[in-house]
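Notes for the one structure printed next.
The values are calculated or read from the model by the stated rules, or taken from the named source; none is laboratory data. Note that this is a predicted model, so its numbers are computed, not measured. Note: ideal-geometry Cβ built from the backbone for every residue, glycine included; neighbour counts use all protein chains shown.
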Amino acid sequence: MTASELAIVATCVALLAIGLVLTVRWSAIPVSSPPGEPDRRAGTAALRFLWRLALGVSAGSATGLLIIGAGGRLAMRLLAVTAGDDAQGGTTEAGEIVGDITLSGTIAFFVFVGLFGGLLTGLLYVAIYRWLPGGRGRGLWYGALLLIGVATRIEPLRTNNQDFDLVGPAWMSFLVFGALGLAQGAAVAAFVGRWSQTQPLLTRLRAVPRYLAMIPFLLILPATALVILLMLASMGFARFGISARLSGARINLVGRIALGALVLVAVPGFLAAISDIAARSP
């Protein structure tokens, strides 16, 4: 490897190590509720909604860069090395050359895969964490859910990814991407738990920096429209007392059953995707 490639790999190793250390350190911290007491005022409901949104965006974006971005780049390098001589010089689905580590490709991977992928995992976790098993293992449960329900349908184990015709072997792909999925789930849970302890409501100017991570997300018009729609819904739920009824133990039980049912439905597709990749991989 060249000096620039070594620098990129070393940077990714350092970022991944930071993410994993913080994940282990914060893994036992539960998610706190938004500051203050909930009530039926629309303004309070809007602030609490923004609090959760900012928490998911911030934790998801940070872990996406540290785990998905850095870890994913290292995983791609490992798979390129283990693919053998025949794969070297081949062109990946993203237009990159197998075996090369470029700064432009790394930055693009961090932004379009790490940042946005992490953002989605953060928002999803904030939405469903109440229905996951508690304790230190909650993040690993969430990581397993990401692998079964998301990895084979979006990234990184989707069957129509042409890269699996080049790199491998299959068992190595499953090992590194499986570990990466579990690590991302654990990291999101840990970061959300830790940052929920200190994130204030957006009621004072000094709270603004904790919400700045939402700005790039809100520049996407469909995302802004969805945020406005969900905020209006949360305000309406609070106004008519629906939010209080949706936070009870019975509703949580229904949510867990629904989540479990979705996992069972997703398992056959997950196994089929794994089988397809194993058959195609060199």
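Side notes on the structure shown:
- Number of the exception - Ala273 against (1) modelled with pLDDT of 80 or more; (2) in contact with a Leu (Cβ under 7 Å, 6 or more places away or on another chain): (1)
- Any helices (runs of 4 or more DSSP H) falling wholly within segment 106-196 and containing at least 2 residues that are touching a Ser or Thr at 6+ places or on another chain (Cβ under 6 Å): 116-128, 170-196
- Only one of the numbered conditions (1) small (Gly, Ala, Ser); (2) in contact (Cβ under 8 Å) with a residue 40 or more places away in the chain; (3) surrounded by fewer than 20 Cβ atoms within 10 Å (Cβ to Cβ); (4) closer than 15 Å to Ser58 by Cα is not met by Ala207, and that is (2).
- Matching residues in segment 87-107 - criterion: being surrounded by 15 or more Cβ atoms within 10 Å (Cβ to Cβ) and either modelled with pLDDT of 85 or more or not aliphatic (A, V, I, L, M) (or both): Gly90, Thr92, Glu96, Gly99, Asp100, Gly105, Thr106
- Some residue of segment 68-76 being more than 19 Å from Ala213 (Cα to Cα), among the basic types (Lys, Arg) and in a helix (DSSP H, G or I): yes
- Residue match in segment 128-140 (condition: at pLDDT 85 or above and buried (at least 22 other Cβ atoms within 10 Å of the Cβ)): yes
- Of all residue pairs spaced 6 or more apart or on separate chains, those with beta-carbon atoms under 9 Å, a first member in segment 251-262 that is closer than 15 Å to Ala127 by Cβ and a second member that is at pLDDT below 80 are Ile251/Arg245.
- Top-ranked residue in segment 1-53 [being in a helix (DSSP H, G or I), crowded, with 18+ Cβ neighbours inside 10 Å and among the small types (Gly, Ala, Ser); ranked as modelled with the highest pLDDT]: Gly19
- Residue match in segment 61-69 (condition: over 23 Å from Val126 (Cβ atoms) and either in contact with a Phe, Trp or Tyr (Cβ under 8 Å, 6 or more places away or on another chain) or surrounded by fewer than 16 Cβ atoms within 10 Å (Cβ to Cβ) (or both)): no
- Subset of segment 110-127 (residues that are of a type in the set (Phe, Trp, Tyr) and either crowded, with 16+ Cβ neighbours inside 10 Å or touching a residue at least 12 places away in the same chain (Cβ under 8 Å) (or both)): Phe110, Phe116, Tyr125
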